[in-house]
Amino acid sequence: MKKFFELYTSSLPQSTIERVGEIEGYTLRWFSGKSIVRFLPSEKEGLFFRLDRKEIAVSPQNIIFDEKHCTSLKSGLVEVRETEHVLSAVHGLGITNLVIEIEGSGEPPIMDGSSKPFVEVLLKSGIKRLSEKRREIRIVREFSFSLPGSESFIRAEPFDGLFIDMTVDYPLPIGKQHLSISVNPESYQKEIAFARPPLRCPIEEASEEKLKEWFRGWQEAKDSIIYYSKKEYLTPLRSEDEIVRHKILDFIGDIANIGFPIKGKFVCFKVGHRINGEFTRLFAS
């Protein structure tokens with residue numbers, strides 16, 4: 001079967017950061033500890049995580065699905081979890097060369113649930129253009145992808161840039177949300193980076209005390225996740241369509257695992273990390 005994409009050398013330069021950036025916070029997994037992320041400048045093309053002095057490339061071959069609500073990377077004994085928000089920030093800003101060092105845990109901190117804190121650190125570190133031209137992936141023909149037994153799908157089409165058309169459909173109070181956006185560093189910072197993930201609360205009349213009992217990390221997590229019940233949001237929203245914006249944030253972070261900037265239009269319906277990751281794996285062939 002003819003490939004629906006191609007790898008080519010762009011006229012745009014590779015890019016990294018000018019100086020080291022650092023951020024620290026609680027990790028998502030029950031807020032059992034803290035971790036530090038250091039963004040390190042790199043002349044080497046590609047994105048790499050570093051844990052305990054061992055590196056793992058951001059690549060489709062290294063994607064694993066050990067968790068329902070996140071994307072992880074593993075190579076040999078090196079594993080990093082919850083990669084999507086950090087990679088979304090990096091990819092959204094157009095950075096092609098970077099080492100992401102994690103200390104204290106095998107995952108980046110959740111921060112405020114969005115990618116905005118990572119974006120701010122990267123911007124403060126300064127974006128630096130390099131002399132070498134970057135390689136990019138571009139979609140050359142329409143291609144549709146879905147998982148067996150699921151109504152979710154991703155349709156890729158040729159486009160000169162990155163364009164995402166996202167639809168989500170949750171139970172109320174979220175319901176159906178839709179957003180189309182041409183993604184570049186400016187639109188990413190303004191329209192996408194601030195959005196946080198949703199989590200349905202099993203306690204319908206959820207007082208703060210009950211939430212503390214249900215979720216041990218409530219004090220650290222209460223502003224990092226959009227909690228909701230069958231009736232209402234339990235967390236104030238940053239925008240009425242914050243959920244679909246976060247889904248775009250996640251999608252950008254997941255396709256960053258292709259390892260190169262990508263040009264194409266992506267029409268996404270009810271997607272999650274599983275279908276995003278399986279779709280990304282196609283670029284390894």
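Out of the residues in region 155-173 meeting the condition of being part of a loop (DSSP other than H, G, I, E, B) and modelled with pLDDT of 95 or more, tell me which one is nearest to residue 4 (Cα to Cα). Talk me through it step by step, then tell me what you get.
Looking only at region 155-173, we keep the residues that are part of a loop (DSSP other than H, G, I, E, B), and these are 158-161, 170-173.
Retained after the next criterion (residues that are modelled with pLDDT of 95 or more): 158-161.
Details: 158: 9, 159: 13, 160: 15, 161: 16 Å.
Going through the qualifying residues, I end up with 158.
Against the condition buried (at least 17 other Cβ atoms within 10 Å of the Cβ), at pLDDT below 95 and not assigned by TED's automatic domain parsing to the domain that holds residue 41, how does residue 197 come out, does it pass? Break it down stepwise before answering.
Numbers: buried (at least 17 other Cβ atoms within 10 Å of the Cβ): yes; at pLDDT below 95: yes; not assigned by TED's automatic domain parsing to the domain that holds residue 41: yes.
Yes: the conditions hold for residue 197.
Looking across region 73-119 at every residue that is among the hydroxyl-bearing types (Ser, Thr, Tyr) and more than 11 Å from the chain's Cα centre (by Cα), the one that is nearest to residue 248 (Cα to Cα) is identified as 96.
With in contact with a Ser or Thr (Cβ under 8 Å, 6 or more places away or on another chain), under 15 Å from residue 91 (Cβ atoms) and modelled with pLDDT of 95 or more as the only criterion, which of 248, 258 stands out? Walk me through how you get there before you give the answer.
On the way: 248 fails: in contact with a Ser or Thr (Cβ under 8 Å, 6 or more places away or on another chain).
From the options 248, 258, the qualifying one is 258.
Residue 153 - would you say it is touching a helix residue (DSSP H, G or I) at 6+ places or on another chain (Cβ under 9 Å), outside the structural domain of residue 14 (by TED's automatic domain parsing) and crowded, with 16+ Cβ neighbours inside 10 Å? In short, yes.
Checking residue 209 against (1) modelled with pLDDT of 95 or more; (2) part of a helix (DSSP H, G or I), only one condition comes out false. Which one? All conditions are met except number (1).
Take the conditions closer than 19 Å to residue 258 by Cβ, touching a residue at least 12 places away in the same chain (Cβ under 8 Å) and not polar (S, T, N, Q) and apply them to residue 116. Does it pass? Considered against the rule, which asks whether it is closer than 19 Å to residue 258 by Cβ, touching a residue at least 12 places away in the same chain (Cβ under 8 Å) and not polar (S, T, N, Q), residue 116 comes out as no. In summary, residue 71 fulfils each of the numbered conditions (1) surrounded by 23 or more Cβ atoms within 10 Å (Cβ to Cβ); (2) at pLDDT 95 or above; (3) closer than 24 Å to residue 283 by Cβ with the single exception of condition (2).
The values are calculated or read from the model by the stated rules, or taken from the named source; none is laboratory data. Since we're looking at a predicted model, the values are computed, not measured. Methodologically, a virtual Cβ is constructed for each residue, glycine included, from the backbone with ideal geometry; neighbour enumeration extends over all protein chains shown.
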